[in-house]
């Protein structure tokens with residue numbers, strides 16, 4: 001694994017190699033225009049790349065270490081802390097002003113006040129995230145998010161979310177800006193030379209905050225208190241994931257621009273560098289990041305703001321320059337992860353209509369109690385397709401997404417003071433797709449995923465028997481599992497209707513209620529994507545920093 005020093009050298013060397021800058025940058029000029037190869041969206045590039053790959057069988061993959069083995073290996077090879085000297089600390093604080101000025105000029109964001117700062121140690125950082133996870137409200141959010149993620153199969157049944165976040169909170173952070181305290185936290189275990197580009201990234205957040213109030217703009221000022229009833233009215237929750245991609249994508253641009261500063265270049269005036277980054281980003285989909293052997297939903301949620309956020313910002317830079325990529329992105333942010341994953345949808349203003357699930361309490365109460373609800377966004381679908389599908393499913397299924405919502409309910413018999421398990425949770429999940437092929441492939445991936453996360457007894461096809469309101473499903477199956485029946489059905493208009501752990505009698509009533517309802521209500525609360533739940537968890541910022549570092553190592557490692 002690369003050190004901070006090796007990583008930064010690799011970044012600069014790789015970008016400069018592609019840009020063609022020599023040791024005397026003052027003599028260099030470049031009037032190169034963007035190449036055609038970089039004009040597609042990330043999805044287009046990735047699908048093209050996948051299509052050109054060899055169809056030969058992949059090489060065997062060595063088994064991953066367990067979390068315990070990985071942690072033990074890390075402890076055995078852990079290097080001594082690099083503590084800043086008093087002189088280094090004074091120099092770091094002095095350069096904070098200079099780097100802030102650079103970030104301000106690079107983004108066009110004014111510095112309205114001097115950025116507060118402090119120098120912290122690893123124990124300070126770990127204590128910070130541990131305290132963030134200790135409140136009763138946060139504990140409840142964690143428990144609900146963890147159980148729903150397990151119900152969908154994103155997390156293993158024996159995974160403990162809180163412990164994982166605390167255990168992996170501090171080791172790899174190299175400075176961070178705290179939105180709540182408005183403070184730049186400089187760390188005392190990373191040397192001065194290697195904190196400068198990191199400061200450029202994090203001080204960009206300080207400038208964003210001073211100009212747009214990130215706690216409000218990103219909608220993270222209060223823990224999300226969306227409707228916990230048995231319905232999903234509409235969906236604005238995906239905006240938070242998309243806005244986080246803007247926040248981190250812009251900071252990544254400044255990070256690269258700062259490394260190019262000695263050569264008098266920026267990404268905005270160096271199209272070859274943009275093409276190079278596009279290519280390396282696409283290749284990164286073939287390489288599985290370890291990140292402490294985290295579940296895939298963690299890794300993809302952590303990488304998304306950096307990888308897809310940077311790709312999104314590069315598209316804006318190419319289309320409209322600095323103004324389009326920075327100020328305009330805050331004034332007119334992407335509406336959802338779909339617009340980040342497919343920038344052409346952002347440029348055209350395409351918005352996916354919400355998948356509405358009406359109030360189900362008349363059918364499920366009093367046997368069940370409300371537990372959770374939300375949306376399954378395009379990023380969630382991509383993770384599910386990658387986790388349970390074949391190699392290319394994440395690129396073939398994901399673009400077909402046209403919305404999805406779920407309602408989770410808890411058996412009343414489980415009690416209020418007992419920690420429920422996944423068997424105590426009933427699930428209704430409705431998704432829409434652009435075409436029949438996408439709907440069919442997603443239904444098949446979901447069906448096959450059941451045997452990987454549940455004990456499956458048998459399966460019965462229900463074609464012609466899954467009916468409601470004089471209509472029948474185009475395709476339907478019933479899978480018997482150790483947590484109760486799972487119904488997977490494809491209906492007209494490319495709608496996939498799925499229930500888990502609910503009786504056949506209840507499902508018959510739910511079909512009519514969910515698929516043939518008339519909705520006249522307007523949204524009063526936001527319904528977040530599952531991946532957004534992960535992103536919003538206290539302590540996840542630390543994990544995101546580790547994922548960012550490993551991701552950067554991967555895309556800029558020597559060939």
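Mind checking which residues of segment 462-496 are in a strand (DSSP E or B) and at pLDDT below 95?
Of everything in segment 462-496, those that are in a strand (DSSP E or B) and at pLDDT below 95 turn out to be 467, 468, 471, 472.
Give the residues of segment 417-451 that are in a helix (DSSP H, G or I) and more than 24 Å from residue 495 (Cα to Cα), sorted by residue number.
422, 423, 424
For segment 314-331: of the residues being over 12 Å from residue 108 (Cβ atoms) and touching a residue at least 24 places away in the same chain (Cβ under 8 Å), which is surrounded by the fewest Cβ atoms within 10 Å (Cβ to Cβ)?
319
Restricting to segment 428-478, give me the number of residues that are out of contact with any helix residue (DSSP H, G or I) (no Cβ under 7 Å at 6 or more places or on another chain), touching a residue at least 12 places away in the same chain (Cβ under 8 Å) and under 19 Å from residue 150 (Cβ atoms).
7
Are any residues in segment 497-527 more than 15 Å from residue 467 (Cα to Cα) and modelled with pLDDT under 95, and if so, which ones?
518, 519, 520, 521, 522, 523, 524, 525, 526, 527
What residue, among those in segment 534-559 that are farther than 23 Å from residue 279 by Cα and assigned to a loop (DSSP other than H, G, I, E, B), is modelled with the highest pLDDT?
So the residue we want is 537.
Let me spell it out: the conditions are (1) out of contact with any strand residue (DSSP E or B) (no Cβ under 9 Å at 6 or more places or on another chain); (2) at pLDDT 90 or above; (3) surrounded by fewer than 20 Cβ atoms within 10 Å (Cβ to Cβ); (4) at negative phi, and residue 200 meets all of them except one. Which number is the exception?
So the condition that residue 200 fails would be (3).
What residue, of 320, 389, 400, is in contact with a helix residue (DSSP H, G or I) (Cβ under 9 Å, 6 or more places away or on another chain) and in the same structural domain as residue 271 (by TED's automatic domain parsing)?
320 is the lone residue from the list that is in contact with a helix residue (DSSP H, G or I) (Cβ under 9 Å, 6 or more places away or on another chain) and in the same structural domain as residue 271 (by TED's automatic domain parsing).
Sort out which residues of segment 332-369 are touching a helix residue (DSSP H, G or I) at 6+ places or on another chain (Cβ under 6 Å) and without any contact (Cβ under 8 Å) to a residue 24 or more places away in the chain, and write them in order of number.
345
Conditions first: (1) closer than 21 Å to residue 92 by Cβ; (2) out of contact with any helix residue (DSSP H, G or I) (no Cβ under 6 Å at 6 or more places or on another chain); (3) in a helix (DSSP H, G or I); (4) modelled with pLDDT under 85. Residue 171 passes all but one, so which condition is the exception?
(3)
The values are calculated or read from the model by the stated rules, or taken from the named source; none is laboratory data. Predicted model only: the values in this text are computed from it and were never measured. Using ideal geometry, Cβ is built from the backbone for each residue, glycine included, and neighbour counts are taken over all protein chains shown.
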